[in-house]
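The values are calculated or read from the model by the stated rules, or taken from the named source; none is laboratory data. Bear in mind that the values here come from a model prediction, so they are computed numbers and not experimental data. Here the Cβ positions follow ideal geometry from the backbone for every residue, glycine too, while neighbour counts run over all protein chains shown.
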């Protein structure tokens, strides 16, 4: 062993501090059979703020500083500064290694922070700033809880734009006991439940859209204990659909009675038929009754539309005014015959 105390401490060989039988490394500190073992790095002892930084440096092959742990400006810093895709890795294991057994033995990587700022939990190659892969079969991947029990104890995930001009929040509203998606158009940290909510779910499973519209571009809507149709844009309900159409006279202009209503009724058919099944166009099947769109279009073009599929559809309830006027015309003809 070579020892040099003239310029700090220079020791060539293992250093053992404490009552240990053999060293497990170049520096082995032990408290013996009881007590805590401590290594203290003290940069300055005069209690003056001189920006003295206590550090532990780590070097690999060659005189290359690859990492350090230090206390700087009241921050405990962990620094990894190497070329290539590197960073920090965190390992855990369940084996009680003893003696000089390498702690890496039987330990597996659980988390990694790359030098690009990507954090991976359960993955060794994170592809985003937070990349989580669950490695067990039980429990949620992420669980958020708010231990605060006072006013405004909401549990949120907030999303903001790069210019910090707006934000969305997704989370629970403690005061209303609900789950909400909210928006703020002026502040990146201003989106809170109960303010400009887009979507609300309560504890009974009820959903509400207090602001904005709902659009289903592809797919169908099923209301009640029924299956969705395979026809895009179709709405099915297992019970009554109750709705009122706007019809106030104060909202109508250029009012006139339907002309020659009876003739128009006589030019269309009321038919019964069997549907030709074609789910990409409609979801109907079996025997049915109705009218023919092309016939209706000739006498009431406003109640017929041609869908994107190229097939025509009819607003059946709009045929009622035609029938009303046709019945009135027929009634007049009957009355004239009675008066002769």
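Tabulated data
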{"quantity": "Only one of 329, 336, 277, 317 that is within 30 Å of residue 228 (Cβ to Cβ) and in a helix (DSSP H, G or I)", "calculated": "317"}
{"quantity": "Matching residues, the stretch 169-211, being over 24 Å from residue 147 (Cβ atoms), part of a loop (DSSP other than H, G, I, E, B), modelled with pLDDT under 85 and in contact with a strand residue (DSSP E or B) (Cβ under 8 Å, 6 or more places away or on another chain)", "calculated": "187, 188, 196"}
{"quantity": "Conditions (1) modelled with pLDDT under 90; (2) surrounded by 10 or more Cβ atoms within 10 Å (Cβ to Cβ); number of the one not met by residue 151", "calculated": "(2)"}
{"quantity": "Pairs with Cβ under 7 Å, 6+ apart, first in the stretch 224-251 and over 25 Å from residue 277 (Cβ atoms) and outside the structural domain of residue 311 (by TED's automatic domain parsing), second part of a loop (DSSP other than H, G, I, E, B) and modelled with pLDDT under 90", "calculated": "none"}
{"quantity": "Those residues of the stretch 44-76 which are surrounded by 11 or more Cβ atoms within 10 Å (Cβ to Cβ) and either in a strand (DSSP E or B) or touching a helix residue (DSSP H, G or I) at 6+ places or on another chain (Cβ under 9 Å) (or both), in sequence order", "calculated": "55, 57, 58, 59, 65, 66, 67, 68, 69, 70, 71, 72"}
{"quantity": "Lone qualifier among 40, 29, 79 - being surrounded by 10 or more Cβ atoms within 10 Å (Cβ to Cβ) and either under 48 Å from the mean Cα position of the chain (by Cα) or at pLDDT 85 or above (or both)", "calculated": "79"}
{"quantity": "Of residues in the stretch 228-274 being touching a strand residue (DSSP E or B) at 6+ places or on another chain (Cβ under 6 Å) and in a loop (DSSP other than H, G, I, E, B), the one farthest from residue 302 (Cα to Cα)", "calculated": "228"}
{"quantity": "Failed item, numbered, when residue 131 is tested on (1) over 27 Å from residue 170 (Cα atoms); (2) in contact with a strand residue (DSSP E or B) (Cβ under 6 Å, 6 or more places away or on another chain); (3) surrounded by 11 or more Cβ atoms within 10 Å (Cβ to Cβ)", "calculated": "(1)"}
{"quantity": "Selection status of residue 100, farther than 25 Å from residue 60 by Cα, modelled with pLDDT under 85 and assigned to a loop (DSSP other than H, G, I, E, B)", "calculated": "no"}
